[in-house]
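To start, the structure itself, in structure tokens.
Throughout, read-outs are computed from the coordinates displayed, never taken from laboratory work. The shown structure was predicted, so the numbers you read here are calculated from the model rather than taken from an experiment. Using ideal geometry, Cβ is built from the backbone for each residue, glycine included, and neighbour counts are taken over all protein chains shown.
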Amino acid sequence: MTSKIKKLDKNIFELKCSAFKGEGYTLWKLRKNWEFIAGDIIAEKSEPKNLYMRELTIYVHDPVIHHSIVSYSSIIMKKINEFFQGNVVEKVEVRKINKNLRKNVLDFSQKKKSEKISEINEKTGKKILFQEEEQELSFEEKEKIRENIEKIDKKYGNFAIRLKEIAENNRKKEKSLLKNGFIECSECGKIFYPGEDEKICFNCYDRKENRKIDGMARLLTEMPLIGERDAVRMIETDAYTYYKVRDMLAQRVYRDLLYFCIEKNLQIKGNEEWSDEIRRETIADFEIYVKNYIDFKIGTDNMEIFSKEREKVIRKLNNDRRFRK
């Protein structure tokens, strides 16, 4: 048992080390420095999505930017390899992704917003139309764009001129959107169409929720018996996240436990001469899995509750195993 734990610790350590040498780490670093590599104009409307076998996939949310990246993909690839000081990308695939500017942060607010718009239409007797008027850029806005474009190497002059046009058109479009009910996200500054009392865009909302879930998952993994009040106070979140993460961690352990039982049964059937030894090892590991599952699901050291939950999980395992036969 001890040798297995040591071997597992070694495998985990090797896995962590290899993570910083693989393409996953390269992609993470590329995303962090995408604005520096591609420039803020391109970075605002695109993102590196996947890197596999030195083939980089870039998602683009703007048709003009999409055309520019396709036309100058070799230049972008060269800048990436220069940044990493190695041949990390050999091919670039550009995909155009349509993003709905009117997407709400919360799905259930869609109905409320549509009802609210209908009420306004009934009262005024008019249709609310999106009017995109010709916008003029201020001197400061034009200067900021010019300063960014001048950072591009002179040998890419045609590329710089095209990007300048794109930047000015995008800024005009943003100003037009802001006049027609869109707002800037208070977190990232991107423009989106808000629902009721919304201040941040969907992506920022999603990141905040993921941070809360990750924080709660780390806390419950280290302290599975911690109560709701203390956990919510330490992570600065809510009871819903606390119970959601508990259930998520418990289901993950249960899935591992189920496949563990199935695998051990197959080993016992295939190795009858070693069946007693396999059973003895299995019992110890089985109890560890069950305890982890109950710790995450209930979070209590009450032995009476533990015994009842143990009976429940064994019944559930037997039912699931029969179903999978």
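Among 201, 185, sorting on how many other beta-carbon atoms sit within 10 Å of each Cβ, with the fewest leading, yields 185, 201. Annotation: amide H-H contacts under 5 Å for residue 49 (H modelled 1.01 Å from N, sequence separation of 5 or more, or interchain): 57, 58, 59.
Quick check on my link table: of 212/264; 78/164; 173/199; 269/312, which ones sit more than 31 Å apart, alpha carbon to alpha carbon? The answer is 212/264.
Ordering 245-255, 311-321 by mean Cβ neighbour count within 10 Å, with the highest value first, yields 245-255, 311-321.
Please arrange 61, 66 by counting, for each residue, the other beta carbons lying within 10 Å of its beta carbon, fewest first. Kindly include the intermediate steps, with their values, before the conclusion.
On the way: 61 15, 66 19.
In order of increasing Cβ crowding within 10 Å: 61, 66.
Can you tell me the mean projection area, over all orientations, of the convex hull of region 208-325's alpha carbons? Units nm², please. One quarter of the hull surface, i.e. the mean projection, equals 8.5 nm².
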